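Participant: Pasting in a structure now, in structure tokens, and then I'll have a few things to ask.
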Amino acid sequence: MTLIPEAKLYIDGQLRGASDGGTYDVTSPWTGETVGKAADGTADDVNEAIAAARRAFDETNWGSLENKAKRVELVTKLRDAFLENREKIHDIAVHEAGATRLNCNLAHYSMAMDGWNDYLEAFERLEWETDHGNRFSALANATSKRIAVREPVGVVAAITPWNVPLYVNIGKVVAALLAGCTVILKPAPDTPGEGAIFGELADKVGFPKGVLQVVFGEDPALAGEMLVQDKRVDLVSFTGSTAVGRHIMEQGAKTMKRVFLELGGKSAKIVLDDAPNFAMDVGSSMLIVHAGQGCAVQSRLLVPRSRYEEAKEVIKGAYGFVGDNWGDIDAQDQIMGPVINKKQHDRIMNYIKIGQEEGATLLAGGKSRPDKGGGFFIEPTCFVDVTNDMRIAQEEIFGPVLVVIPFDDDADAVRIANDSEYGLAGGVSSADFDRAMKVARAVRTGSMGINGGMAIAGDLPFGGYKHSGIGREWGLEGIEEYTEIKTIAWPVEQAEAAE
Ligand code: NAD
């Protein structure tokens, strides 16, 4: 059944199919059935997209300082078109990415659009020129006046994942366009529609040829590999798995690519023994929003050994409360649907098996539930009696699987939180603010919430420590990622004469 529009490529100002006419089927995570078609982009298509982006950057004034207001105008018009097409985009997110209707009002659409507005506001604060004062140089035997200017980095390849596609696509495309770059967006094969919508609406609002391209195909690696290796691309902004991120860094080295990576996570939520709402903090840790498919989810719950048994009871109660109230495509109030595809389903189920083999105790869930609609459903799952050296505590499962680990004291909690190759997000709860702040500062991670504080938003820089990534997306810092800095100096006498 066709439930979503055919996803078309957008190259050099043209909405079109693949050069050889090929298409592939888009599968619903809810039913496992085909819900739409997408153009199966070829190497020729990717090549053309790169050439078009290069031409638009090198031969038009898109990225110039003088064109700043025009860029804001077009990016704002595009934002408005996304707002006008809210229902259509919701439908694509539901049928393609497995978002629940409630999630569309969260990260899958509303928060993504908020982030778009945040970028437009932050852009006004970007300093294109900073004065660095005068300085005598013995080498030049002259005193120079010096400034530093920002310039767009050039052609950007934005390679994005399937979990919250609109959010990540906006995070890259909007920032790069505002900075003055030209862009090739390459969404994941599972979610071409949430990329194609950029082409469709950019075309509608009159984007200049070549400023934005959207390419995708059934092969997950073909377009990405080409974009990373092509010397005409200046910067690769990638969100996805750490394994592919590492590969991109290696491949990009050959052409000295600027590489900006948002990767995986295994973030820890630390509930200290004096947490003011212990039951609430522990009980609300279930990994159910979007079936746990979020890079910044707090998938390790750390609780004091002295209150471990109490925590288990609370968690059991919380999972019991959710019960079977998830996985209904028509429900307006559910936050958990299916996982994206069969491969992820099988991968998660394998981790559940590994957890049992490692000796952890399954406190809740653990079963595949195809009866929910034929798609890729896994029960909200929780392991207790977990030690941090187990694979289920170290590896990113990217599914609805929470692990609960006991700690002895604050130092032990910090040690466990940091005993991970990842460092993306996290949280800590305590009645003593200074104590919580000490822990928050000690965890090596890109964001920390204290007592439920939200450290992730479109106006804040977001990114990872360690293997969770390099660079920051969102906020003013997220736009600055797409700029280069150039210093310019000239003799101070000339500067004074000109004043
Ligand atoms: P993935 O790494 O398999 O794919 C991500 C993107 O890279 C897709 O567009 C894919 O087609 C492309 N790709 C695959 N192989 C490639 C190659 N050899 N060269 C270039 N591109 C290639 O990740 P996924 O399975 O789509 O997404 C899940 C992962 O993304 C999780 O690990 C999750 O933590 C991570 N993620 C991170 C963030 C963040 O901001 N840190 C956000 C969302 C998802």
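Participant: So is residue 291 touching a Lys or Arg at 6+ places or on another chain (Cβ under 7 Å), at pLDDT 95 or above and within 13 Å of the ligand (Cβ to nearest atom) or not?
Facilitator: Judged against the criteria, residue 291 is not a match.
Participant: Only one of (1) open to solvent by 10 Å² or more (accessible area, probe 1.4 Å); (2) under 14 Å from the mean Cα position of the chain (by Cα) fails for residue 204. Which number is that?
Facilitator: All conditions are met except number (2).
Participant: If I go through the range 295-323 residue by residue, how many of them are open to solvent by less than 20 Å² (accessible area, probe 1.4 Å) and not in a helix (DSSP H, G or I)?
Facilitator: 6
Participant: Can you name every residue in the range 455-470 that is open to solvent by 50 Å² or more (accessible area, probe 1.4 Å), hydrophobic (A, V, I, L, M, F, W, C) and either assigned by TED's automatic domain parsing to the domain that holds residue 238 or within 12 Å of the ligand (Cβ to nearest atom) (or both)?
Facilitator: The answer is 470, and nothing else.
Participant: So, residue 31, is that one among the β-branched types (Val, Ile, Thr), touching a Ser or Thr at 6+ places or on another chain (Cβ under 6 Å) and crowded, with 16+ Cβ neighbours inside 10 Å or not?
Facilitator: no
Participant: OK, next. Got a sec? Which of 38, 51 is modelled with pLDDT of 95 or more, open to solvent by 10 Å² or more (accessible area, probe 1.4 Å) and small (Gly, Ala, Ser)?
Facilitator: 51
Participant: Somewhere in the range 223-236, is a residue farther than 30 Å from residue 72 by Cα and either more than 13 Å from the ligand (Cβ to nearest atom) or among the small types (Gly, Ala, Ser) (or both)?
Facilitator: No, every residue in the range 223-236 fails to be farther than 30 Å from residue 72 by Cα and either more than 13 Å from the ligand (Cβ to nearest atom) or among the small types (Gly, Ala, Ser) (or both).
Participant: Now, a different point. Kindly state which helices (runs of 4 or more DSSP H) lie completely within the range 83-145 and contain at least 3 residues that are more than 30 Å from residue 331 (Cα to Cα) and within 20 Å of the chain's Cα centre (by Cα).
Facilitator: By residue number, 110-123.
Participant: Looking for something outside the structural domain of residue 41 (by TED's automatic domain parsing), of a type in the set (Gly, Ala, Ser) and in contact with a helix residue (DSSP H, G or I) (Cβ under 8 Å, 6 or more places away or on another chain) - is there at least one such residue anywhere in the range 291-304?
Facilitator: yes
Participant: So which helices (runs of 4 or more DSSP H) stay within the range 159-243 end to end and still have 2 or more residues that are within 17 Å of residue 473 (Cα to Cα), out of contact with any Lys or Arg (no Cβ under 7 Å at 6 or more places or on another chain) and small (Gly, Ala, Ser)?
Facilitator: 165-179
Participant: Moving on to the next point. From the residues in the range 330-384 that are closer than 20 Å to residue 316 by Cα and of a type in the set (Gly, Ala, Ser), which one is farthest from the chain's Cα centre (by Cα)?
Facilitator: Checking each candidate, the answer is 359.
Participant: Among the strands (runs of 3 or more DSSP E) contained in the range 341-422, which hold 1 or more residues that are surrounded by 23 or more Cβ atoms within 10 Å (Cβ to Cβ) and at pLDDT 95 or above?
Facilitator: 381-384, 401-407
Participant: Starting from residues that are open to solvent by less than 50 Å² (accessible area, probe 1.4 Å) and more than 19 Å from the chain's Cα centre (by Cα), keep the ones in the range 207-222 and report whichever is nearest to the ligand (Cβ to nearest atom).
Facilitator: 217
Participant: Return the residues of the range 257-277 that are touching a Pro at 6+ places or on another chain (Cβ under 8 Å) and buried (at least 21 other Cβ atoms within 10 Å of the Cβ); say none if nothing qualifies.
Facilitator: 271, 272
Participant: Continuing with this model, one more query. Tell me, please, whether a residue that is open to solvent by less than 10 Å² (accessible area, probe 1.4 Å) and of a type outside the set (Gly, Ala, Ser) can be found in the range 133-155.
Facilitator: Yes, the range 133-155 contains a residue that is open to solvent by less than 10 Å² (accessible area, probe 1.4 Å) and of a type outside the set (Gly, Ala, Ser).
Participant: Name the residues in the range 472-499 that are crowded, with 21+ Cβ neighbours inside 10 Å and in a loop (DSSP other than H, G, I, E, B), would you?
Facilitator: 474, 481, 482
Participant: Only residues in the range 259-271 that are in contact (Cβ under 8 Å) with a residue 24 or more places away in the chain and of a type in the set (S, T, N, Q) count as the first member; pair them with residues that are open to solvent by 10 Å² or more (accessible area, probe 1.4 Å) and more than 11 Å from the ligand (Cβ to nearest atom), Cβ under 6 angstrom, at least 6 apart or cross-chain, and list the lot.
Facilitator: 267/298
Participant: Restricting to the range 240-266, name every residue that is over 15 Å from the mean Cα position of the chain (by Cα), of a type in the set (S, T, N, Q) and near the ligand (Cβ under 10 Å from one of its atoms).
Facilitator: Within the range 240-266, just 251 meets the criteria.
Participant: I'm trying to understand the selection: among the residues of the range 54-72, which are assigned to a helix (DSSP H, G or I), open to solvent by less than 50 Å² (accessible area, probe 1.4 Å) and under 13 Å from residue 181 (Cβ atoms)?
Facilitator: 54, 56, 57, 67, 71
The values are calculated or read from the model by the stated rules, or taken from the named source; none is laboratory data. From a predicted model like this one, the values you see are computed outputs, not experimental measurements. Please note: Cβ atoms are built from the backbone with ideal geometry, for glycine as well, and neighbour counts cover all protein chains shown. We work out accessible area using only protein heavy atoms, side chains counted, and drop any ligands, DNA or RNA first. Shrake-Rupley method; radii C 1.70, N 1.55, O 1.52, S 1.80 Å.
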